Amino acid sequence: MKILVTGGAGYIGSHTVVLLIEAGYEVIVFDNFCNSSRESINRVEKIVGQKITVFEGDIRSRDDLGKVFSSNKIDAVIHFAGLKAVGESVEQPLRYYDNNVNGTVILCEVMEKYNCKSIIFSSSATVYGDPHTTPILESFPTSATNPYGRSKLFIEEILRDLYVSDNDWKVILLRYFNPVGAHNSGTIGEDPNGIPNNLMPFIAQTAVGKREYLSVFGDDYDTPDGTGVRDYIHVVDLAQGHVNALDRLDDFSEVMTINLGTGKGYSVLEMVKAFEKASGKKVPYKIAPRRAGDIATCFADPSYAKEVLDWEAKRGIEEMCEDGWLWQSQNPDGYLTKS
Ligand code: NAD
Ligand code: UDP
């Protein structure tokens, strides 16, 4: 089966490409490299020991997509391509709606034209807004507090509408919790531009000496130690969730909406401690005010993924931190580091 992976050069996409190839799928990567580099693909090629077909293009371009679909019989698309910075989305909402929502509409149009009607979409736990209780089930109400989150909600609805219009579509919406860590080769990982927004890359850069200290955003939440609690999931487990979803696409006769999380929540301070243990480095931190829009606690009920995808996260917090550290310490400047 030939799979088109949009955003395949990015953090989650690159790890998924490795697992797809190891599972025997033929993969084509489609990326405009707006938040990634070709070096990630070079590294993936080293891991899997084969060349990867890459199309440089934008999902908003029917021409770019047409080049891929007219020269390949694509069986399914795993759609990672998108912009993902919450703060940036507040400042540049039109850019986010254009890239994420419009881009997905154009992708689906081209897929339809070439009779490829199977798509696995990267959604996010952000669509649950501030949940009333945890763990979070797929049936919980959805809401969004920023354009990034709203772009995910809109796309979910668009894909559901597409299925209603034509039941030949196979649609799986995967709602990720907090992906962290890296491939255990230490050669691919998360390579954020500039100052990281997310906790784990910030901790890793502090441990390696690139940042002076971590600002812990709030210690007065209603959580055991007062800091925010999240469901961190190893990126390789997350990638495996996509392989399982792809393996089972044809089994489903409705749009599937599935949480990919571990079901366990860890606080910011627990993550700091775990990372210090894994790296043997100190992670200095200072308590700072709460970050606007943050919620206290977010973790998944992952039992539906177990039931329908036969998938569950296998890697614990130690492995997430060890693999994250291996990547960070071997690549202090991310993909700019000479391999
Ligand atoms: P990433 O930025 O590393 O990867 C996204 C890739 O898409 C990049 O390689 C980028 O160059 C590419 N891209 C963006 N816009 C494009 C366009 N118009 N045309 C072609 N390529 C384009 O991000 P990631 O962390 O790997 O996330 C992948 C997906 O998962 C995103 O849709 C993101 O919103 C979603 N997601 C991520 C997280 C997370 O915490 N990382 C959590 C939930 C959901
Ligand atoms: N966080 C923090 N300092 C940082 C980045 C994040 O204290 O520099 C906290 C944040 O308030 C949240 C948790 O770490 O409680 C996870 O934040 P992240 O941005 O990684 O994920 P999200 O908020 O999207 O779940």
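Within segment 2-35, can you find the residues that are under 19 Å from Asn178 (Cα atoms) and out of contact with any helix residue (DSSP H, G or I) (no Cβ under 8 Å at 6 or more places or on another chain)? Gly13, Asn35 - these are the residues of segment 2-35 that are under 19 Å from Asn178 (Cα atoms) and out of contact with any helix residue (DSSP H, G or I) (no Cβ under 8 Å at 6 or more places or on another chain).
Listed by first and then second residue, the pairs linking a residue in segment 252-269 that is over 16 Å from Val171 (Cα atoms) to a residue that is part of a loop (DSSP other than H, G, I, E, B) and more than 14 Å from ligand 2 (Cβ to nearest atom), with Cβ atoms under 7 Å apart and 6 or more places separating them unless they lie on different chains, are Gly261/Pro302; Thr262/Pro302; Thr262/Ala313; Gly263/Pro135; Gly263/Asp301; Gly263/Pro302.
When segment 294-306 is examined, which residues are found to be more than 13 Å from Ile136 (Cα to Cα) and away from ligand 1 (no atom under 15 Å from the Cβ)? Answer for segment 294-306, where residues must be more than 13 Å from Ile136 (Cα to Cα) and away from ligand 1 (no atom under 15 Å from the Cβ): Ala296, Lys306. Using the structure shown, decide if Glu112 is modelled with pLDDT of 95 or more, acidic (Asp, Glu) and farther than 22 Å from Leu162 by Cα. When the stated conditions are applied, Glu112 does not pass them.
For segment 153-208, taking the residues that are free of Cβ contacts under 8 Å to residues at least 40 places away in the same chain and within 18 Å of Gly103 (Cβ to Cβ), the one that is surrounded by the most Cβ atoms within 10 Å (Cβ to Cβ) is identified as Leu153.
Looking only at residues in segment 72-119 that are among the acidic types (Asp, Glu) and more than 16 Å from ligand 2 (Cβ to nearest atom), the one that is farthest from Leu20 (Cα to Cα) is Glu91. Tallying residues that are assigned to a loop (DSSP other than H, G, I, E, B) and either in contact with a strand residue (DSSP E or B) (Cβ under 9 Å, 6 or more places away or on another chain) or within 16 Å of ligand 2 (Cβ to nearest atom) (or both) within segment 1-31 yields 6. In segment 50-80, of all residues being of a type in the set (A, V, I, L, M, F, W, C) and not in a loop (DSSP other than H, G, I, E, B), the one that is farthest from Gly24 (Cα to Cα) corresponds to Leu65.
The values are calculated or read from the model by the stated rules, or taken from the named source; none is laboratory data. Owing to the predicted nature of the structure, the values given are computational and were not obtained by experimental measurement. Ideal geometry is used to build each Cβ from the backbone, glycine not excepted, and the neighbour counts take in all protein chains shown.
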